[in-house]
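In what follows, a single structure is set out as structure tokens and then discussed.
The values are calculated or read from the model by the stated rules, or taken from the named source; none is laboratory data. Everything numeric in this text was worked out from a predicted model, so none of it was measured. A quick note on method: Cβ atoms are made from the backbone with ideal geometry, for glycine too, and the neighbour counts reach across all protein chains shown. Please note that ligands, DNA and RNA were not included when accessible areas were found on the heavy atoms of the full protein model with its side chains. Shrake-Rupley method; radii C 1.70, N 1.55, O 1.52, S 1.80 Å.
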Amino acid sequence: MLIGNATERQERLPSEAGDFIGRTAELRRVQTLLRDNRLVTLVGPGGVGKTRVAVRAAAQAEGAYQDGVCLVQLSALHDPELLPHTVASRLGLPEQSPGSQLDAVITHLRDRHLLLIMDTCEHIIDACAIFAEAVITEAPNVTVLVTSREPLDVTGESCYTLPALGLPHDDTPGQGPTDAIELFALRAAAVVPGFEVTDANRADVVRLCTRLEGMPLAIELAAVRLRALPLTELADQLDRSLARRLSLLTGGDGDGRHRTLRDAIGWSYELCTPAEQALWARLSVFAGSFGIDAVEEVCASGELSHGQIFDTVVRLVDKSVLTRDDTASADDSGQPTQYKMLDTIREFGAEQLAASGTVAGVRNRFVARYLSMARYFGEHVVDDDQLDRLRELRREHANLRAALEYTLDATESEPDRYREGATIATALYGYWHMSALLREGKYWLDKVLDRFDDPLSPERGWALVVRGYLGAMQGEAAEAVADATAGTEIGLERGDLPMVARGYTYLTLALTIADRYDEARAAGAQAEQPLQTLNDRAGLRILDVHLAHVANLAGDLEGALHYAEQVTRRFGPDAEKAEHGEHGELAVGSQSGESGESGESGEIKERWAQGWGYTIAAMALFWDPERDAETARTTSKALLAKHELGDVMGMAYCLEIAGWLADRADRHKRAAWLLGAADPLWERAGGRLGGTAALQAVHEKAMAKTRAGVGGKRFESMFGEAGRHPLEQMVAFAVSDADEPAADGTRWRVPGQLTFREAEIADLAARGMSNRQIAEHLFISKRTVDAHLDHIYAKLGISSRVELLNALQWARLGRT
């Protein structure tokens, strides 16, 4: 399968991190409840195994749901207002739909037949209850499976309290009497090779598991200690430790088993070294997964030095306090290992951090890390490392949210902290857009505006300017014009040239969306000089895109091509001239593959601005039928850039244009597939073709002609099937010259360790193309193809095209 798309999307259920023990009766009960009820809640204390049972039950039931299963993990979400945004992201719905995000999710689910799992709901229970009730009321074919420490208390909810694992002599009906013992034996064997439960040690194992009341997480934590203690001593120490801790309890929340788990975690904490205890507590500030670099930056201080971090993390993994998060970098092969904490362990660590008196310092370093990341991305949004930085931010999204919560949701007025939050929210303007998180971005900007009511504060000005930009991208023309205008006026009043320059830049787009083209051009003219004075590279490129867009919509085709070419020229060898308004000959769509591409290799390293430049150029070129070949080449360039970046709206435009070209060439099968592939992307983007009448007319004409050319029933079948195909397969088909995609989307299935571009080149090489032909097909230089093939051979451990063909044939059989 081809890889490289950075889009957040609905994914398969995660693989289980170990053998699944017992739970036969519980799974049978959950299956029965799912068949008979629309809302099922698994209730139980933390560590009893609710998530694992839910995922296993969903995997067993997946075939009963036409649209599959969507797992939404909520442990890292602390702001209940962002619940619909989080669900939308997991469903693959960028935040560009009209109306509220909840309405967009419900609209999407209304015609779906799927199982929606909402995992770990107790900390935002009211929001989850409201959301679940809306789903079961409005989406009749969606079943909701919830895991929580308490019921939702929603009409129609069916609750099942998940018991602990069965123990010897447990009289609970349907329980496997040795599940707890089997789990301990399995985990102990992983720690002490060859460990078995025998007649000689069975009494100690039973004593230990009984003391822990069959709680899976507590049993796993205890088994890890066999590295340091023999079984009998481990059971004795556990008896003494828990007895001491329980004697201090005077009641408290939760049932006995919840307290037992808490005590088991506390016992495990006591057995850690001071360095391990300190790191455990400090890691609790992370809401999502984290790498070693993040841990060093946030947690190293005082008695815990940078040099101790790596070894201490490894020891915490060995003790099951941390686990590897293999899903965090599933789309980013080669990225550093990520780690995470279970919620119950994080909660305990947070209590220890609060008690230590060091929480302020750790949070300060945490906020500083994500403030620095946001600032860098905002200042270097169109640099060559754009994709790597964007993927890093996406991996760290839960932690970015936590930093915004720490800063903007402070209970007391902290101006410095509020300013940090305002900077993070506004500096991430490009991230909100590229990741289709426009509504979430506006949500945080609204908080900034609530915190800064001084009409001339710089924080308020920047928040208005950026909110105007995000609003324009959502098609909210009137609001966007008002925000961008107000923010620009604050900049003028303050004499803040950067704010004025970006204000006019974003006002250009807002006025374009409002169909006020002359005013948009005037705003663009107001923006250009201050952007050049400031050498605002990102601003100049964004302005070029906006001016190309207004020219194209206003019918100024040469103007659209001029500004689109200027976008790409700013990244090439003539960049310095382009920054100062010097123009060369138009080269968009050139066959050379060199024009407008950054770096000596000819690769497009910056994908967002150049991708939009090529997209708008393709729209403009389409109006001239004599230039269809040029339009096709330009569209392919745009599509590859937009796909690798994960820009849903950009991909929709490119697939649509490719479909128009196929229709004009009377290649009706190809047109049906391409238009069908674009259709669900338009739904996710919030509206087809920005509502532009001229483009809508082209779409309707192409649809009618293609339907007539293929035949009504066959057209509907192909059109619908295209929308259900994996997106990466449809992208590969679109950039090929085929009339129909192969069964698996491309002729060859490519091993997953290759990047998207490497996969494209491997596929073309396997078809028999020479390096020169591949270069011409993909509009890159031959030396770039040579270098990519060297990397492909190295990754696959081969040295020739014959071996490449063999490797792809094996991959086709699932034997990568």
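Points worth noting:
- Extension gain for E62-T337 works out to 96.0 nm (0.36 nm per residue, less the C-alpha to C-alpha distance).
- Listed values for segment 279-285 are Karplus-derived 3J(HN,Hα) couplings in whole Hz (6.51 cos²θ - 1.76 cosθ + 1.60, θ = phi - 60°), namely 5, 3, 5, 5, 5, 5, 6, and x replaces Gly and Pro.
- Amide H contacts of G92 (H built 1.01 Å from N, in plane; Pro and chain starts excluded): Q10 sit under 5 Å, all sequence-distant by 5 or more or on other chains.
- Among 758-764, 318-324, 303-309, the order from most to least packed when residues are scored by Cβ within 10 Å on average: 758-764, 318-324, 303-309
- Once the C-beta distance of E81 and S799 is scaled by a Förster radius of 60 Å, the resulting FRET efficiency is 0.60 to the nearest 0.05.
- Protein heavy-atom accessible surface, 1.4 Å probe, per residue over segment 333-490: 36 Å².
- Using a Förster distance of 35 Å, the FRET efficiency for D385-A25 (Cβ separation, nearest 0.05): 0.10
- Taking only protein heavy atoms and a 1.4 Å probe, the accessible area of segment 627-720 is 54% carbon and sulfur.
- Summed over the residues of segment 15-168 and divided among them, the accessible surface reaches 37 Å² per residue at a probe radius of 1.4 Å.
- Efficiency of FRET from Cβ geometry, E479 and S356, R₀ 51 Å, rounded to 0.05: 0.65
- Counting all C-alpha pairs of segment 411-516, share separated by more than 20 Å (%): 33
- Close amide-amide hydrogen proximity is noted between C159 and T41, each under 5 Å apart and 5 or more residues distant or on a separate chain (H modeled in the peptide plane; Pro and chain starts excluded).
- Scaling the Cα radius of gyration of segment 38-163 by the globular reference 2.2 N^0.38 Å produces a ratio of 0.98.
- At a probe radius of 1.4 angstrom, the accessible area of segment 602-713 per residue rounds to 30 square angstrom.
- Per-residue ³J(HN,Hα) for segment 310-319, Karplus 6.51 cos²θ - 1.76 cosθ + 1.60, θ = phi - 60°, Hz, x for Gly and Pro: 4, 4, 5, 4, 4, 5, 5, 5, 4, 8
- Shown in residue order for segment 35-42 are the 3J(HN,Hα) couplings computed by the Karplus curve 6.51 cos²θ - 1.76 cosθ + 1.60 at θ = phi - 60°: 5, 9, 9, 8, 9, 10, 10, 8 Hz (x for Gly and Pro).
- Distance between the modelled labels on E721 and R240, one decimal in nanometres: 7.1 nm (7 Å Cα→Cβ projection).
- Close amide H pairs (under 5 Å, H built 1.01 Å from N) link G288 with N399, residues at least 5 positions away or on another chain.
- Extension gain, V191 to R627: 0.36 nm times the residue separation minus the Cα-Cα distance gives 150.3 nm.
- Counting Lys and Arg as +1 and Asp and Glu as -1 over every other residue whose Cβ lies under 15 Å from the Cβ of E700, the net charge comes to +2.
- Computed from the C-alpha gyration tensor, the three semi-axes of the ellipsoid equivalent to segment 306-456 are 28, 22, 13 Å, from longest to shortest.
- Rounded percent of accessible protein surface that carbon and sulfur make up, segment 337-431, 1.4 Å probe: 46
- Between D790 and D453, the contour length at 0.36 nm per residue exceeds the alpha carbon distance by 115.6 nm.
- Take the Kirkwood radius over Cα pairs of segment 399-446, plug it into Stokes-Einstein at 4 °C and 1.567 mPa s, and you get 120 µm²/s for translational diffusion.
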